[in-house]
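Taking it in order: structure first as C-alpha cells, then the write-up.
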Amino acid sequence: MKLLLFPIISFGFAVMLSSCSTYNSEYNKVIADETKAIELNPNDAEAYEKRGEAKESIHDYRGSITDFNKAIKLKPDYADAFEERSKSKANIYDLDGEITDCNILIKLKPDYAVAYNNRGCAEMQLHEYDAAIGDFNKAIELNPNVAVVYRNRGYAKQAEGNNNAALADFNKANSLPTTQKP
C-alpha cells in the first residue's frame, strides 16, 4: 500500500506535537502511579486508559495500544479508550485500525466532531477522498468553527483536483481561530 502524505492534522497528532515540550519524567510518574493503581485493582479500566495516555505522550505507541486494549476489554463502551487507541494507531500508520476505532467511537458518540475529523485524516492517507470529505463535512456540521477541519477538507478537495473549492476551504480556515479543537 502506498501512502500519500498530506499536511493534515488529526487531533491526536496535534496533541503529540504539543507534548514535546513537556518533560518525559512527568509522564513516567503517571505511568508509575497508574501501574501501582493497576496492581491494587487489576480491573480498573480508567487506570489502564490513563497509563496508556501517558505512554502515548512519550511515543510508546505499542505500549499505549496494549493498555487501551485492556481498558476496552474491561469496559467495552469506553469511548475515551477507543479515541486514544485510534490516535496511537495513527502514529504507527495502522490506518485501517484507526478507522475501525473511529467507527466505534462514532457509534458511541455520534455527535463527536473529533472522531469524524480523525477518520477523515486516515481516509485521506488511504486516498479515499470522497469518504474523507464526507467526514470533514460532518465534523464541520457538528462544529463549524474549527480551522483545522476546513484545512483538512481543503486538502482532500485539492487532491481530487477541485482547486477552487479547496481555496475556499483554506480561506475559511484562515478566517477562524487556530486553537479550537474539533
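Values quoted throughout were computed directly from the atomic coordinates according to the rules given, and no laboratory measurement underlies them. Everything numeric here is computed off the predicted structure, so don't read it as measured data. With ideal geometry, Cβ positions are generated from the backbone for all residues, glycine too; neighbour counts draw on all protein chains shown.
Listed values, structure above:
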quantity: Among (i) 16.8; (ii) 20.9; (iii) 17.8, the entry that matches Kirkwood radius over Cα pairs in Å as calculated here; calculated: (i)
quantity: Calculated [θ] (222 nm, deg cm²/dmol) that DSSP helices of n ≥ 4 give over the chain, each run adding -39,500 (n - 2.57); calculated: -23000 deg cm²/dmol
quantity: Residues in segment 44-77 reached by a label modelled at ASP33 [backbone nitrogen below 15 Å; 7 Å Cα→Cβ]; calculated: 46-55
quantity: Sequence-separation-based contact order of the chain, relative, with Cα cut under 8 Å and 6+ spacing, percent; calculated: 18 percent
quantity: Packing-based ranking, highest mean first, of 75-83, 145-153 given that Cβ atoms within 10 Å are counted; calculated: 145-153, 75-83
quantity: Gain in span if fully extended, ILE92 to SER175, counting 0.36 nm per residue against the direct Cα distance; calculated: 26.6 nm
quantity: Segment 55-151, relative contact order in percent, only Cα pairs under 8 angstrom and at least six apart counted; calculated: 18 percent
quantity: Qualifying aspartates and glutamates (Cα of each under 15 Å from Cα of LYS138; at least 8 residues distant if same chain); calculated: ASP111, GLU123, ASP130, ASP169
quantity: Across LYS75/LYS181; LYS87/LYS172; LYS73/LYS109, pairs whose alpha-carbon gap is larger than 22 Å; calculated: LYS75/LYS181; LYS87/LYS172
quantity: Pairwise centroid distance, computed over Cα atoms, of segment 85-105 with segment 26-64, Å; calculated: 19 Å
quantity: Segment 112-182: relative contact order as a whole-number percent, Cα under 8 Å and 6+ apart; calculated: 32 percent
